[in-house]
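Accompanying notes for the structure given below.
The values are calculated or read from the model by the stated rules, or taken from the named source; none is laboratory data. Values in this document were obtained by computation on a predicted structure and should not be read as measured data. Cβ placement follows ideal geometry from the backbone for every residue including glycine, while neighbour counts extend to all protein chains displayed.
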Amino acid sequence: MPDPKELNVNRREVVVGTGACAVVATSPLLVRAQPAPVGTPVMTKVSFSVNGRSHTLELDTRTTLLDALREHLHLTGTKKGCDHGQCGACTVMVDGRRINSCLTLAVMHQGSAVTSIEGLGTPDNLHPMQAAFIKHDGYQCGYCTPGQICSSVAVLDEIKAGIPSHVTADLTAPVQLSEAEIRERMSGNICRCGAYSNIVEAVTEVAERQG
Amino acid sequence: MRAFTYERASAPAEAAAAVARTPGAKFIAGGTNLLDLMKLQIETPTHLVDVNGLQLDAIEPTADGGLRIGALVRNTDLAADERVRRDYGVLSRALLAGASGQLRNRATTAGNLLQRTRCPYFYDTAQPCNKRQPGSGCSALDGFSRQLGIIGVSDACIATNPSDMAVAMRALDAMVETVRPDGTTRAIPIAEFHRLPGDIPHVETTLEPGELITAVTLPPPLGGQQIYRKVRDRASYAFALVSVAAVIQQDGTGRVAVGGVAHKPWRLEAAEADLPRGPRVVTEQLLAGAKPTHDNAFKVSLVERTLGAVISEARS
């Protein structure tokens, strides 16, 4: 039997070697396809609060709210999935409304109040939605979960506020909570593991408890 | 993403002047479409003028009994407004059929009108696209064109306008109010706001450089049954293959605009007189001269069947 450590070393060497070859082979193409950013990075100051704490940051104007949370404030609960507003993993609440934090610039949020998953609950004091996701097994890998939970909490607020959805039958009547309403309103949060039915159960339970 | 400078505008005319005098400048409001395109370097502004502070976020009655929607009213707020739900149901329905809850919370009325096409070749920077790189050619003509346009297309571009909201606004005959860099204002009928591609598909609207949308006005309520029916590959959160915005009166007359088929919301007022005669005769006129591709020829009959479903729903 070969020594497992030796195997590891060998494999790493192989991986490094292959990587280097690939870089040499494709770099001229890469340079043409993705020209280096032109111009000097522009830094701007911005202040906003996250989960009740004020922060003042000096950021490259290109920094999204998502990257400000993760890379600058080290609040890594909010996840980067597609980075193009298609998956919902980056969902946070800004001034009480859920948005895709990947599709907004941090500098556009001067004075905003941001709530991320870290602001909803803690391991010792879970938000009811977090507890319901655990109870109903509303995840498998867990990567989309912070976004699913932030979105779910906001969805229940939106229903309470009387905001209609695509499946609301009567636009002039109060919105009725239903599975169809929850599914439609959660369609901006993709779960690659397919935990949807358990997510719907978790959200439904919290909604019913809130009355 | 390319580096850019950033400023917050405090008055509409000042914002328009800032964009007009700075080469490569763009407005940013919701940012949900622009930032996506900037990350892909399809849009490469060197300067962004943030218009979120312009206080253009009110929905107010107009003197003639219509409604004036501020450019910065978010899609969620417009769809949820009581007056819109009661008097302009087709607009509420169209908004709610588009995007996701998160996106509608950010996306603005003006930004929705200005969103770029979702043609896959516009997004693929390794392929020619006359809209992204004028004069480079159109990859979609011989490519994957299932989602793309069937009417009003050109040899340079078969892209579609992806907006649901604009289709309803076309059926309602909305007006787009703007301010120009010199401070003068004008109102553009929605029918004249979006262009057909012709040989300059990168020019998508009739706005002048630096011209800023300040509001969209709706005429007095039309009554009738207001329906927006969207046919798409998923039940939610997908762009339309075909959509129909309709206002149908009790006697069967009315107006219809079609989405997902052209570079602009597609409406032919002359065809509407035949609405009481059913969907086939209307569709024949609406889509006369259509030039579908092999991949999207199904859209011709899909328009007819979607219109048929809308007419049946209005009658029931």
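Among the residues that make up region B:208-218, is at least one of them within 14 Å of chain A (Cβ to nearest Cβ), touching a residue at least 60 places away in the same chain (Cβ under 8 Å), surrounded by fewer than 23 Cβ atoms within 10 Å (Cβ to Cβ) and not small (Gly, Ala, Ser)? Quick ask: steps written out before the conclusion?
Applying the first criterion (within 14 Å of chain A (Cβ to nearest Cβ)) to region B:208-218 yields none.
No; the residues of region B:208-218 include none that is within 14 Å of chain A (Cβ to nearest Cβ), touching a residue at least 60 places away in the same chain (Cβ under 8 Å), surrounded by fewer than 23 Cβ atoms within 10 Å (Cβ to Cβ) and not small (Gly, Ala, Ser).
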> In region A:68-103, what residues are surrounded by 18 or more Cβ atoms within 10 Å (Cβ to Cβ) and β-branched (Val, Ile, Thr)?
Replying inline: A:THR78, A:THR91, A:VAL92, A:VAL94, A:ILE99
>> Filter region B:10-30 down to the residues that are within 12 Å of chain A (Cβ to nearest Cβ) and touching a Gly at 6+ places or on another chain (Cβ under 7 Å) and list them by number.
In response: B:ALA29, B:GLY30
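Among the residues of region A:175-211, how many are farther than 17 Å from A:HIS136 by Cβ, in contact (Cβ under 8 Å) with a residue 40 or more places away in the chain and not β-branched (Val, Ile, Thr)?
Looking only at region A:175-211, we keep the residues that are farther than 17 Å from A:HIS136 by Cβ, and these are A:175-176, A:178, A:180-181, A:184-185, A:187-188, A:190, A:192, A:211.
Filter again for in contact (Cβ under 8 Å) with a residue 40 or more places away in the chain, leaving A:188, A:190, A:192.
Cutting the leftovers down to not β-branched (Val, Ile, Thr) gives us A:188, A:192.
Total satisfying the criteria: 2.
Among the residues of region A:84-96, which ones are within 22 Å of B:LEU48 (Cβ to Cβ) and over 9 Å from the mean Cα position of the chain (by Cα)?
Of all residues in region A:84-96, those within 22 Å of B:LEU48 (Cβ to Cβ) come to A:84-85, A:90, A:92, A:94-95.
Scanning region A:84-96 gives A:HIS84, A:GLY85, A:VAL94, A:ASP95.
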>> Take B:GLY224 and tell me if it is crowded, with 24+ Cβ neighbours inside 10 Å and on the phi > 0 side of the Ramachandran plot.
In response: no
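Specify which of the listed residues (A:ILE159, A:ILE149, A:ILE117) is over 30 Å from B:PHE27 (Cα atoms), at pLDDT 95 or above, touching a helix residue (DSSP H, G or I) at 6+ places or on another chain (Cβ under 7 Å) and away from chain B (no Cβ under 14 Å). Can you show your working first?
Values: A:ILE159 fails: away from chain B (no Cβ under 14 Å); A:ILE149 fails: away from chain B (no Cβ under 14 Å).
After applying the criteria, what remains is A:ILE117.
Applying the selection to region A:55-66, what residues are free of Cβ contacts under 8 Å to residues at least 40 places away in the same chain and either outside any helix (DSSP H, G or I) or on the phi > 0 side of the Ramachandran plot (or both)?
Kept after step one, since they are free of Cβ contacts under 8 Å to residues at least 40 places away in the same chain, are these residues of region A:55-66: A:55-56, A:58, A:60, A:66.
A:HIS55, A:THR56, A:GLU58, A:ASP60 - these are the residues of region A:55-66 that are free of Cβ contacts under 8 Å to residues at least 40 places away in the same chain and either outside any helix (DSSP H, G or I) or on the phi > 0 side of the Ramachandran plot (or both).
Among the residues that make up region B:209-225, is at least one of them under 30 Å from B:THR22 (Cα atoms) and in contact with a Phe, Trp or Tyr (Cβ under 8 Å, 6 or more places away or on another chain)?
Restricting attention to region B:209-225, the residues satisfying the condition of being under 30 Å from B:THR22 (Cα atoms) are B:209-217.
Those left that are additionally in contact with a Phe, Trp or Tyr (Cβ under 8 Å, 6 or more places away or on another chain): B:212.
The answer is yes; a qualifying residue exists.
Can you spot a residue in region B:153-167 that is out of contact with any Gly (no Cβ under 9 Å at 6 or more places or on another chain), away from chain A (no Cβ under 14 Å) and not charged (D, E, K, R)? Show your work before the answer.
Let us first name the residues in region B:153-167 that are out of contact with any Gly (no Cβ under 9 Å at 6 or more places or on another chain), namely B:153, B:155.
Within this subset, residues satisfying the condition of being away from chain A (no Cβ under 14 Å) are B:153, B:155.
Okay, now just the ones that are also not charged (D, E, K, R), so B:153.
Checked against the condition, which is being out of contact with any Gly (no Cβ under 9 Å at 6 or more places or on another chain), away from chain A (no Cβ under 14 Å) and not charged (D, E, K, R), region B:153-167 yields at least one hit.
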>> Among the residues in region B:216-233, are any farther than 25 Å from B:GLN133 by Cβ and among the small types (Gly, Ala, Ser)?
In response: yes
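Filter region B:1-30 down to residues that are among the small types (Gly, Ala, Ser) and in a loop (DSSP other than H, G, I, E, B) and give me whichever is nearest to A:MET43 (Cα to Cα). Spell out how you get there, then give the answer.
Going through region B:1-30, the residues among the small types (Gly, Ala, Ser) turn out to be B:3, B:9-11, B:13, B:15-18, B:20, B:24-25, B:29-30.
Right, trim to in a loop (DSSP other than H, G, I, E, B) and you get B:3, B:9-11, B:24, B:29-30.
Working: B:ALA3: 10, B:ALA9: 18, B:SER10: 21, B:ALA11: 24, B:GLY24: 19, B:ALA29: 20, B:GLY30: 21 Å.
Only one residue tops the list, namely B:ALA3.
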> What tally of residues in region A:179-211 results from selecting those that are surrounded by fewer than 18 Cβ atoms within 10 Å (Cβ to Cβ), in a loop (DSSP other than H, G, I, E, B) and under 25 Å from the mean Cα position of the chain (by Cα)?
Replying inline: 3
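Let's see how each residue does on (1) in a helix (DSSP H, G or I); (2) in contact (Cβ under 8 Å) with a residue 60 or more places away in the chain; (3) charged (D, E, K, R):
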{"position": "A:ILE134", "(1), (2), (3)": "yes, no, no"}
{"position": "A:CYS141", "(1), (2), (3)": "no, no, no"}
{"position": "A:VAL153", "(1), (2), (3)": "yes, yes, no"}
{"position": "A:ALA173", "(1), (2), (3)": "no, no, no"}
> Restricting attention to region A:87-115, which residues are out of contact with any Asp or Glu (no Cβ under 7 Å at 6 or more places or on another chain) and more than 21 Å from A:ALA161 (Cα to Cα)?
Replying inline: A:CYS87, A:GLY88, A:ALA89, A:CYS90, A:SER101, A:THR104, A:LEU105, A:ALA106, A:VAL107, A:HIS109, A:GLN110, A:GLY111
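Can you pull out the residues in region A:169-211 that are away from chain B (no Cβ under 14 Å) and of a type in the set (Val, Ile, Thr)?
Answer for region A:169-211, where residues must be away from chain B (no Cβ under 14 Å) and of a type in the set (Val, Ile, Thr): A:ILE199, A:THR204, A:VAL206.
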>> Of the conditions (1) under 22 Å from the mean Cα position of the chain (by Cα); (2) small (Gly, Ala, Ser); (3) surrounded by 16 or more Cβ atoms within 10 Å (Cβ to Cβ), A:GLY111 satisfies every one except a single condition; which number is it?
In response: (3)
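If only one of B:ALA3, B:ALA9, B:ALA16 is within 22 Å of the chain's Cα centre (by Cα) and modelled with pLDDT of 95 or more, which one is it? Talk me through it step by step, then tell me what you get.
Details: B:ALA3 fails: within 22 Å of the chain's Cα centre (by Cα); B:ALA9 fails: within 22 Å of the chain's Cα centre (by Cα).
Being within 22 Å of the chain's Cα centre (by Cα) and modelled with pLDDT of 95 or more holds for just one of B:ALA3, B:ALA9, B:ALA16, which is B:ALA16.
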